[in-house]
1. Within segment 75-115, count every residue that is part of a helix (DSSP H, G or I) and either within 15 Å of residue 51 (Cβ to Cβ) or among the aliphatic types (A, V, I, L, M) (or both).
2. Note down all Cβ pairs under 6 Å where the first residue falls in segment 86-106 and is farther than 15 Å from residue 76 by Cα and at pLDDT 85 or above, the second is among the polar types (S, T, N, Q) and not in a helix (DSSP H, G or I), and they're at least six residues apart or on different chains.
3. Just name the residue that is nearest to the chain's Cα centre (by Cα) out of those in segment 61-71 that are surrounded by fewer than 18 Cβ atoms within 10 Å (Cβ to Cβ) and in a helix (DSSP H, G or I).
4. From the list 74, 33, 49, exactly one residue is within 13 Å of the chain's Cα centre (by Cα) and without any contact (Cβ under 8 Å) to a residue 24 or more places away in the chain. Which is it?
5. Residues to consider are 118, 133; find the one that is of a type in the set (Lys, Arg), in a helix (DSSP H, G or I) and under 27 Å from residue 32 (Cβ atoms).
6. Take the residues in segment 57-71 that are aliphatic (A, V, I, L, M) and in contact with a Ser or Thr (Cβ under 9 Å, 6 or more places away or on another chain), then tell me which one is farthest from residue 96 (Cα to Cα).
7. Please give the number of the condition residue 100 fails out of (1) touching a helix residue (DSSP H, G or I) at 6+ places or on another chain (Cβ under 7 Å); (2) farther than 27 Å from residue 12 by Cα.
8. Which residues, counting only those in segment 52-78, are β-branched (Val, Ile, Thr), within 15 Å of residue 38 (Cα to Cα) and in contact with a helix residue (DSSP H, G or I) (Cβ under 6 Å, 6 or more places away or on another chain)?
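The values are calculated or read from the model by the stated rules, or taken from the named source; none is laboratory data. If you're wondering where the values come from, they're calculated on a predicted model, not measured in any experiment. Cβ: placed from backbone, ideal geometry, glycine included. Neighbour counts: every protein chain shown.
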Amino acid sequence: MISEAAPSDWSALLALQRATHATLQVLAAELVDLDLTASEINALANLADARGLTISELGKAVGVRPTTLTSVLDRLERRGHITRGSRPGDRRVVVVELTSDGRKAATAVRESITRTERRALGGLPVGEMAVLRQALEALAGMSS
């Protein structure tokens, strides 16, 4: 059990915040030629498997509300990385898909994420990686 009086150095959430900011700095530096914001990197990474996602599916994957995602998608669409269209049979549902240029950018993002993860975590035993992923998924699931 976590002690109520634990120093901030022991806080997993503070460590996660530090890690997130450090990771975003590394990714931004590696992907500087793509001129993407952290939110755009996150959206492209979650679209990288090349299957279209609805706005609500993508919002859940990136951890933001669909209304918050709109401006990110507007920028990605203006830059030619995504298209938004309707789902056959249900024109009310908006599906986000990568363009050819978007697939190239998403691939670069995913490769950068993989390199960064291997550099930082490659020495951890498989079991510890599984526990880390489980803990991160538990934290991410709090907003569901």
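1. Summing the residues that are part of a helix (DSSP H, G or I) and either within 15 Å of residue 51 (Cβ to Cβ) or among the aliphatic types (A, V, I, L, M) (or both) in segment 75-115 gives 10.
2. Short answer, once both residue conditions are applied: 93/54.
3. 61
4. Unique residue meeting the criteria: 49.
5. Checking each option against the conditions leaves just 118.
6. 64
7. Residue 100 satisfies every listed condition except (1).
8. Residues satisfying the conditions are 62, 72.
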